[in-house]
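A short worksheet on the structure shown next.
The values are calculated or read from the model by the stated rules, or taken from the named source; none is laboratory data. These figures come from a predicted structure and were not determined experimentally. No Cβ is skipped: glycine too gets one built from the backbone with ideal geometry, and neighbour counts run over all protein chains shown. Heavy atoms of the whole protein, side chains included, go into the accessibility calculation; ligands, DNA and RNA do not. Shrake-Rupley method; radii C 1.70, N 1.55, O 1.52, S 1.80 Å.
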Amino acid sequence: MKTSLFTLLLATLFVNITLAQDSEKVSILGKLTDQSNKPMDFANVLLLNPTDSSLVKGTITDAEGAYLFEMVEDGNYLISATMVGFQPTYYGPIEVRLATKQKVEIPQLQLGSGVDLQQVTVKAQKPFIEMQNDKIVINVESSPVAAGNSALELLAKSPGVTVDNNNRIALKGKQGVMIMIDGKQSYLSAEEVARLLESMPANSIEKIEIIHNPSAKYDASGNAGIINIRLKKDKNLGMNGTLTLGGGYGRYPKANSGLQLNYRQKKFNFFGNYSYYYAQRFNDMDIYRIIPFEGTESIFDQSNDRVNWVNSHNYKGGLDWFVGKKTTLGVLFSGNSGYWKDDSDILTLISGVNPEPFSEVNAATNTREDWNNLTYNFNLRHTLGDKGGEITFDADYSTFANPSYQNSDNFFFNENGEQVATPNFLRGNTNSDVTIKAVKADFTYPLKGEINLEAGLKSSFVETDNNIKFLRNAGNDFEIDPNLTNQFLYEETIHAGYVNANKKFKGFSVQAGLRAEYTVSDGLSVTLDQQVKRDYLNLFPSLSISHSIAEKHNLSYSYSRRIDRPSYQDLNPFTYFLDQYTFGRGNPFLQPQYTDSYAVNYGFKQSFVVTLSYSRTEDAMTEVLEQDNEDRTTYQTRANLAQFENYSINVSAPVKVTDWWSARVNVSAYMNHFQSPYLGGEIDNQQISYNIYASNNFNLPKGFRAELSGFYNSAGVYGMFENKPQYAIDAGLFKSLWDGKANIKLNVSDIFFTNRWNVNVRQDNINANIKGQFESRRANLTFTYKFGNNEMKPVRQRRTATEEEQSRVKQN
């Protein structure tokens, strides 16, 4: 069925393209070589409009270095040829006239020695997926499919990335990914990072960087690697900006908008952006549990019909002052505010042995979470000498306010539909406040002998105050429930320092680094009178070696040790209800996890890449289910499992089908193996799994571009959870307007509505199945307009001091 759907979609595209083509057109052909006249295969060759350098057609050279553009209309054109590691070359202008000839042959082009085009500015489209030495780059702006999606949905379409039913993000089968935004770690829990990404429109993103083995320069968090989301920035002198408007519909409406403004002079650069995102969507879930009870079984069959809303505002503003040629001072302000609301109608049918007079529980649960997060940053950059040395300094102050409420009304009926027990009403109010202060300084300097030295220091200071109050009905009044009411205070201080060196030899490059982090933490549950203090020093080495084994063939080897600390709210022993039999709670005794990662990478011309990797995690922080057979309750929490091993292989390659159809295929295969004693039993789960992602790009007549992409995640295990396969196919269409100043994108996500999740848990006395579907199929339409000057230098990239801490704050 899956194969037939994909084949049907491709066939439809073929028919449309074939009907649209006009045989009375001109072909342009040529050959590309390097400076020694060796053919350059898999190079990008673009046919451009000479007036604005907008893309007309694109192709990839074959094994002989040949390229061909078919069905070219009358007009004037430029040719651009590029290849990673080589200087680009250009040729033109070319005059095409059908009345004169039906074939135009271009003289042989060589990379690095192109024809002078008298300062032509080329604005060619970047490939959607780029393979670089240390990372994979997803160029979001190049994808019609991306428009109208949220950042979380976009991540789920990225190579090697999976997002499960609880919105937990995994990279090559491993959770614990560090999410950074513009180089800044978000300090949120996994759930809150997911909620933040859910509220961020994809049209505000420029690119996504996936870094598997970060160096010692980065904070030691993120055992699975780093995903860095780069937001769009204006790059032109004078006043300029971009306006984006979009909307979508599945079962419910969606809307997004954004405005970016930039004003740059010789001494000052003012910048700011704002984006808005609204979505209403459904997320249905069914839970089936068999619980041992009094020598036999109780069965709970629960269906959960959920509708949720997200309404968010993201904003940023700042100023750069170019004090001199070598010194820049900057201030930055950023914020994110909004709310997430969820209405759930939950029906639980109880069968088997049942000591209660009721066999049906109807629960209505309403949840609303608000957030208002602010970050203030002062930064300095000073260049040392003329060799590229640099000192940077950042000071940050961040506040996170997250008030929320939860109402859970439970009604009890017998098999005749008669109410047979007093309703159970719960009212919960939570105030969560986090303050983060941090300073960091980084130093980079090139030494003699092609050695590049990096060093830095960082200190962060975190304070959290979480106060929750639950009220339960008592007659006609509500009384405080002391078993659920709590206040949790947490303080954490981390001092870190690192040194990193890179040395280039003949054909070799070696990078070695060491990071030290000293942590002091104090968690106090005021109500429960539980206190957990910790004090530890850790060293995190990293090493990478790369070299050429033959012309165009490269090998690299890497090792790193990393830590993942619990999010501040994961340590909080609060309880969150689905109904009175199903809930979640924090774990104040959760310990950090430590991971050693090894990888070998093979690259052919930086296009075809194979990665083999192995990692071993001690005290792996993992979602688990725990069950009380006597009360027949099941709850979800996070616990440390003794050992987690991950073996993986990743293959990524470009595929040229025709001159108008190119593709990139990414395949990841991995084995997860969890071993740990747990609650008197033993967890020993392992399985080989794989992830396939394919992106097809089509250059159509009349300046249209189309994209067809799809993913398939096979069955897999994580901790005690066994996940069934997930898959989906997306399609998009792009059209440039008004000489490239505007564009419109139309896409449909999950065309065949196949993206569903299904999870089994079979561990000791726990026997549960959880399955569901969310609003994955919808159509999106996005319009973008660029205005102002188009000749501006890039805005300076900034990584602030509180990146790592912000990623551990729970936020929606």
Pairs returned, first residue in region 345-364 that is at positive phi, second residue that is of a type in the set (Phe, Trp, Tyr) and open to solvent by 10 Å² or more (accessible area, probe 1.4 Å), beta-carbon separation under 9 angstrom, 6 or more apart or interchain, are GLY352/PHE293
Among the residues of region 278-319, what is the count of those that are β-branched (Val, Ile, Thr) and open to solvent by less than 20 Å² (accessible area, probe 1.4 Å)? 3
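Residue-by-condition table, conditions (1) over 30 Å from ASP631 (Cβ atoms); (2) under 27 Å from the mean Cα position of the chain (by Cα):
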site	(1), (2)
PHE268	yes, no
ASN273	yes, yes
MET285	no, yes
PHE293	no, no
ASN304	no, no
GLY318	yes, yes
VAL331	yes, yes
SER337	yes, yes
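A quick yes/no check of all residues on (1) within 30 Å of ARG515 (Cα to Cα); (2) under 24 Å from the mean Cα position of the chain (by Cα); (3) of a type in the set (Val, Ile, Thr):
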residue	(1), (2), (3)
PHE574	no, no, no
VAL609	yes, yes, yes
ALA620	yes, yes, no
GLU623	yes, yes, no
ARG638	yes, yes, no
Positions within region 315-333 being in a loop (DSSP other than H, G, I, E, B) and not hydrophobic (A, V, I, L, M, F, W, C), in sequence order: GLY324, LYS325, LYS326
Need the failing condition index for LEU578 against (1) in contact with a strand residue (DSSP E or B) (Cβ under 6 Å, 6 or more places away or on another chain); (2) touching a residue at least 24 places away in the same chain (Cβ under 8 Å), just the number. (1)
Per the list (1) under 27 Å from the mean Cα position of the chain (by Cα); (2) open to solvent by less than 50 Å² (accessible area, probe 1.4 Å); (3) closer than 30 Å to ARG230 by Cα, residue check on PHE322 breaks on (1)
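Could you please let me know if GLY330 is open to solvent by less than 10 Å² (accessible area, probe 1.4 Å), among the small types (Gly, Ala, Ser) and closer than 22 Å to GLN260 by Cβ?
The answer is yes for GLY330.
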State which residue is surrounded by the fewest Cβ atoms within 10 Å (Cβ to Cβ) when the search covers only region 663-684 and only residues that are in a strand (DSSP E or B) and among the small types (Gly, Ala, Ser). GLY681
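This table checks each residue for (1) open to solvent by 20 Å² or more (accessible area, probe 1.4 Å); (2) among the aliphatic types (A, V, I, L, M); (3) under 30 Å from PHE69 (Cβ atoms).
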site	(1), (2), (3)
GLN580	yes, no, no
PHE589	yes, no, no
PHE608	yes, no, yes
THR617	no, no, no
GLU623	no, no, no
TYR635	yes, no, no
TRP661	yes, no, yes
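Okay, residues lined up against (1) at pLDDT below 70; (2) open to solvent by less than 90 Å² (accessible area, probe 1.4 Å); (3) part of a loop (DSSP other than H, G, I, E, B); (4) closer than 18 Å to PRO50 by Cα:
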residue: ILE79; (1), (2), (3), (4): no, yes, no, yes
residue: GLN87; (1), (2), (3), (4): no, no, yes, no
residue: TYR90; (1), (2), (3), (4): no, yes, no, yes
residue: SER113; (1), (2), (3), (4): yes, yes, yes, no
residue: VAL122; (1), (2), (3), (4): yes, yes, yes, yes
Pairs please, first residue from region 774-789 and free of Cβ contacts under 8 Å to residues at least 60 places away in the same chain and of a type in the set (Lys, Arg), second anywhere and open to solvent by 60 Å² or more (accessible area, probe 1.4 Å) and assigned to a loop (DSSP other than H, G, I, E, B), Cβ atoms under 6 Å, 6+ apart in sequence or on different chains. none
Within region 9-29, how many residues are at pLDDT 75 or above and farther than 30 Å from SER709 by Cβ? 1
Count of residues meeting criterion [surrounded by fewer than 19 Cβ atoms within 10 Å (Cβ to Cβ) and in a strand (DSSP E or B)] in region 749-758: 2
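Kindly provide the set of residues from region 338-378 that are open to solvent by 30 Å² or more (accessible area, probe 1.4 Å), within 22 Å of ASP433 (Cβ to Cβ) and of a type outside the set (D, E, K, R), ordered by number.
TYR339, ASN372, LEU374, TYR376
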May I ask you to list the residues in region 439-464 that are of a type in the set (Val, Ile, Thr) and farther than 17 Å from ALA501 by Cβ? VAL439, VAL462, THR464
With farther than 30 Å from LYS57 by Cα and either surrounded by fewer than 18 Cβ atoms within 10 Å (Cβ to Cβ) or modelled with pLDDT of 85 or more (or both) as the only criterion, which of ASN691, ASN696 stands out? ASN691
Does ARG799 satisfy the criteria of being at pLDDT 90 or above and open to solvent by 30 Å² or more (accessible area, probe 1.4 Å)? no
If you go through region 546-564, how many residues are within 29 Å of the chain's Cα centre (by Cα), among the acidic types (Asp, Glu) and open to solvent by 50 Å² or more (accessible area, probe 1.4 Å)? 0
Find the residue count for region 50-64, including only residues that are polar (S, T, N, Q) and at pLDDT 70 or above. 2
Got a number for residues in region 637-652 being modelled with pLDDT under 90 and open to solvent by 40 Å² or more (accessible area, probe 1.4 Å)? 1
For region 551-580, what are the residues that are in a strand (DSSP E or B), within 27 Å of ARG368 (Cα to Cα) and out of contact with any Ser or Thr (no Cβ under 8 Å at 6 or more places or on another chain)? THR575, TYR576
State yes or no: is PHE698 more than 24 Å from the chain's Cα centre (by Cα), in a strand (DSSP E or B) and more than 30 Å from GLN530 (Cβ to Cβ)? yes
Under 6 Å by Cβ, and 6 or more places apart or on different chains, what pairs join a residue from region 486-505 that is farther than 13 Å from ASP522 by Cβ and open to solvent by 50 Å² or more (accessible area, probe 1.4 Å) with one that is acidic (Asp, Glu) and at pLDDT below 90? LYS504/GLU450
Would you point out the residue of region 506-545, among those that are among the β-branched types (Val, Ile, Thr) and open to solvent by 50 Å² or more (accessible area, probe 1.4 Å), that is nearest to the chain's Cα centre (by Cα)? ILE545
Checking ARG381 against (1) more than 30 Å from VAL510 (Cβ to Cβ); (2) crowded, with 16+ Cβ neighbours inside 10 Å, the condition it does not meet: (1)
